[in-house]
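S.K.: Submitted below is the structure of interest, expressed as structure tokens.
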Amino acid sequence: MSSSLGTLFRIHSFGESHGTAIGVIIDGCPAGILLDEENITKQLQRRRPGQSPLTSQRKEKDGFEILSGLHKGKTLGSPIAIIVRNTDIRSEDYATWGDIYRPSHADYTYHSKYNFRTPIGGGRASVRESVARVIAGALASQILKEELNIITVAWVDAVGKVEAKLFDKEPMKLPKTIEEVEKSIVRCPDEKTAAKMIEVIEKTRKDGDSIGGVLGLVAWNVPPGLGEPVFSKLEAELGRAFLSIPACKGFESGSGFNGTLMNGSEHNDIFYNTNDENSKLNQEQDKTEQVPELKTHTNYSGGIQGGITNGMPLLVRTAFKATATIFHPQKSVNESGEEVTLKAKGRHDPCVLPRAVPIVEAMANLVLLDAYLQQRARNPEWWLRWRR
């Protein structure tokens, strides 16, 4: 199912950008969890339009309704259905180009696939669909924090040619909390770079254009052992999840493409024993059956080796293209094959990156939680060792 994600912790999103509501069904959530509704609200507010001058001015409150799966605030283990109603719809903004294939949108490809398409908004291809992901991701982040103390933080690492390059700093000064990122409306924790990014986005918006960039993400306290070998490697699952986000065009883990410029002698992450009291072998267990807790001096692997986490911070970067809707006249073609000139109107992001931060975090948390539940089911001793 193309609208579903996950194996044990499985989500299914539904709804269109200009439909009645966007929603998600979460299946496989363990029972007895006191759902943190405040966290869901917080993450939705970080994603919603109209939150700053840098984003689309569509005014959606994004309040959510829980339809099933809870009793007295706790999960039942049955499917959880949650919806967010669309309240600020202006479908008339799309009336003048209802039969035009907008450049770099999914109009033509959806029409080619289904022989039918919605003429208003972006339908299922709209970033509005990400509401469902953020809701489910908020629940996933809660479980990961409570069970393993995993904390996932994303930030805007580049807007156009303005780059923070936090991965390149020595030592890496990566944000440990979401609050560090939220200090800036552009969601870049580097204050000087953030100011330059804001200038670039504001100029781009005034010019009626759009601009893309790169998000960085780190997941702290990820234990070794998450991820499945061969076709379900953790970075493969992460790449699939990230590349399903609208406008995401690239993904790399660890050193990524820069790793191709290094020799093996430079790139190899050398192990060492932490010698921490908390990581010593359990004296009551057979030492031959217990794997020691190791770290590496460098982290070019980005916390993943052989498709399985190695206990180092998880490091990834995702590339987002410039928003397809711009306010310059553009040549295109309509459904009859006639050449036309399109000049868009409406409310659109000049840069999707600030609002994409909680979406990327959500997708990472969904993949990590699914991998965690699979590993917990496979190896209960692993779970007893690494849970908080």
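S.K.: Hey, can you tell me all the residues within the stretch 275-324 that are out of contact with any helix residue (DSSP H, G or I) (no Cβ under 9 Å at 6 or more places or on another chain), modelled with pLDDT under 85 and more than 21 Å from Y372 (Cβ to Cβ)?
M.R.: N275, D276, E277, K280, Q283, E284, D286, K287, T288
To keep it simple, each residue is scored yes or no on (1) in a loop (DSSP other than H, G, I, E, B); (2) surrounded by fewer than 22 Cβ atoms within 10 Å (Cβ to Cβ); (3) touching a His at 6+ places or on another chain (Cβ under 6 Å).
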site	(1), (2), (3)
V156	no, no, no
E179	no, yes, no
C188	yes, no, no
K192	no, yes, no
A195	no, yes, no
A219	no, no, no
E237	no, no, no
F242	no, no, no
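S.K.: Moving to a separate point now. Condition first: modelled with pLDDT under 95, in contact with a Pro (Cβ under 7 Å, 6 or more places away or on another chain), part of a helix (DSSP H, G or I) and surrounded by 14 or more Cβ atoms within 10 Å (Cβ to Cβ). Can you find one or more residues in the stretch 92-115 that meet it?
M.R.: Checked the stretch 92-115: at least one residue is modelled with pLDDT under 95, in contact with a Pro (Cβ under 7 Å, 6 or more places away or on another chain), part of a helix (DSSP H, G or I) and surrounded by 14 or more Cβ atoms within 10 Å (Cβ to Cβ).
S.K.: For the stretch 169-220, give me the residue count where each residue is in contact with an Asp or Glu (Cβ under 6 Å, 6 or more places away or on another chain) and over 26 Å from L243 (Cβ atoms).
M.R.: Qualifying residue count for the region: 0.
S.K.: OK, next. May I ask you to list the residues in the stretch 317-358 that are within 24 Å of the chain's Cα centre (by Cα), of a type in the set (D, E, K, R) and either surrounded by fewer than 18 Cβ atoms within 10 Å (Cβ to Cβ) or in a loop (DSSP other than H, G, I, E, B) (or both)?
M.R.: The answer is K321, R347, D349.
S.K.: If you check S184, S210, which single one turns out to be more than 25 Å from I151 (Cβ to Cβ) and assigned to a loop (DSSP other than H, G, I, E, B)?
M.R.: Among S184, S210, only S210 is more than 25 Å from I151 (Cβ to Cβ) and assigned to a loop (DSSP other than H, G, I, E, B).
S.K.: Further question on the same structure: Restricting attention to the stretch 235-265, which residues are at positive phi and polar (S, T, N, Q)?
M.R.: Narrowing the stretch 235-265 to residues at positive phi: 247, 254, 256.
None; the set is empty.
S.K.: Is it the case that E163 is farther than 16 Å from L353 by Cβ and surrounded by fewer than 23 Cβ atoms within 10 Å (Cβ to Cβ)?
M.R.: Values: farther than 16 Å from L353 by Cβ: no; surrounded by fewer than 23 Cβ atoms within 10 Å (Cβ to Cβ): yes.
Considered against the rule, which asks whether it is farther than 16 Å from L353 by Cβ and surrounded by fewer than 23 Cβ atoms within 10 Å (Cβ to Cβ), E163 comes out as no.
S.K.: Moving on. Could we say that S13 is under 21 Å from A140 (Cα atoms), out of contact with any Cys (no Cβ under 7 Å at 6 or more places or on another chain), crowded, with 19+ Cβ neighbours inside 10 Å and at pLDDT 95 or above here?
M.R.: It is true that S13 is under 21 Å from A140 (Cα atoms), out of contact with any Cys (no Cβ under 7 Å at 6 or more places or on another chain), crowded, with 19+ Cβ neighbours inside 10 Å and at pLDDT 95 or above.
S.K.: Sort through P246, P223 and tell me the only one that's crowded, with 19+ Cβ neighbours inside 10 Å, assigned to a loop (DSSP other than H, G, I, E, B) and modelled with pLDDT under 95.
M.R.: P246
The values are calculated or read from the model by the stated rules, or taken from the named source; none is laboratory data. Worth saying up front: this structure is predicted, and the values here are computed from it rather than measured. Please note: Cβ atoms are built from the backbone with ideal geometry, for glycine as well, and neighbour counts cover all protein chains shown.
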